[in-house]
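The values are calculated or read from the model by the stated rules, or taken from the named source; none is laboratory data. Remember, predicted model here, so these are calculated numbers, not experimental data. Methodologically, a virtual Cβ is constructed for each residue, glycine included, from the backbone with ideal geometry; neighbour enumeration extends over all protein chains shown.
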């Protein structure tokens, strides 16, 4: 019996008892030691508001009178806990047959058991939809080689197809970190070809071999400073700050979003919302701005404003009907 099951059992025992319950009976009902029984009662009081009190000087316990019936909350998960469980269930259920399949099966069963335990009524299984989008799964064999090199601190020889130039290059990499970002896998690595830190999309790997040469080590604070401070997946120190102004209607959503750890935002008197975001490479920021269409205006820097305007004009040109302007003028 685990902690959650014991709290449920304690709840049922104390609610149904007509007189104070001896500690020995609580221990027997919860199938636990005296120390565990004390801990379960303490956690039920501190985190779930259970009105459990000790009766007199003896080892007798009851629910305090005048508090009304003690009810467990209908759902125990916070949003972050539920998201983690759903993500774990999704990832584990998609694991292909392999070396760890037998070990993963009990873990998957345990995650599903936790999802099913939501305070009764059948739980959350089948009632919550987890819908990642835009996934680009990497080749399983290449992923294993990358993870192996990362774990053993060995270099990788890779053949990498970059989207920007639509070209393949051969590189030696010292892997530093695997990154799961927006439902896709990336590798932060020291590129010996470029002699600099770079981020690589794992699904763009065409070949990967683990070398016996030790990987070049990069300090964690250097990795954090280079990869974590700029906007999105693109690395490098942020050199500019974008100023965005959202319509009053869209502001109701954007004001609650976190675009960057160092963002600054403020409401304007007319209900619009201004957001400042540090960035280096503008590509991902431009994509995120464009999804808001006419509900956002880039106030600066000028280069970012021009870039977004060019993309919007190119998109609008795709929808122009030939001769439409002439008819409107006539």
Open item on the list: I need a count of the residues in segment 8-52 that are in a strand (DSSP E or B) and under 40 Å from the mean Cα position of the chain (by Cα).
Closed with: 1
TODO: Of all residues in segment 315-328, count the ones that are modelled with pLDDT of 90 or more and part of a loop (DSSP other than H, G, I, E, B).
DONE: 2
TODO: Scan 153, 165 and give me the residue that is surrounded by fewer than 18 Cβ atoms within 10 Å (Cβ to Cβ) and within 18 Å of residue 213 (Cβ to Cβ).
DONE: 153
Task: Enumeration of residues in segment 246-260 that are outside any strand (DSSP E or B) and in contact (Cβ under 8 Å) with a residue 12 or more places away in the chain - done: 247, 248, 249, 250, 251, 254, 255, 259, 260
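This table checks each residue for (1) out of contact with any strand residue (DSSP E or B) (no Cβ under 9 Å at 6 or more places or on another chain); (2) in contact (Cβ under 8 Å) with a residue 60 or more places away in the chain; (3) not in a strand (DSSP E or B).
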residue	(1), (2), (3)
232	no, no, yes
235	no, no, yes
244	no, no, no
266	no, no, no
276	no, no, no
287	yes, no, yes
305	no, no, yes
313	yes, no, yes
Task: Only one of 26, 7 that is in contact with a helix residue (DSSP H, G or I) (Cβ under 6 Å, 6 or more places away or on another chain) and either modelled with pLDDT of 85 or more or exposed (fewer than 12 other Cβ atoms within 10 Å of the Cβ) (or both) - done: 26
- [ ] Return the total of residues in segment 1-58 being closer than 26 Å to residue 113 by Cβ and touching a residue at least 24 places away in the same chain (Cβ under 8 Å).
- [x] 21
- [ ] Return yes or no: is residue 259 in the same structural domain as residue 283 (by TED's automatic domain parsing) and buried (at least 17 other Cβ atoms within 10 Å of the Cβ)?
- [x] yes
TODO: Considering each of 32, 63 in turn, give the residue that is in contact with a helix residue (DSSP H, G or I) (Cβ under 9 Å, 6 or more places away or on another chain) and at pLDDT below 85.
DONE: 63
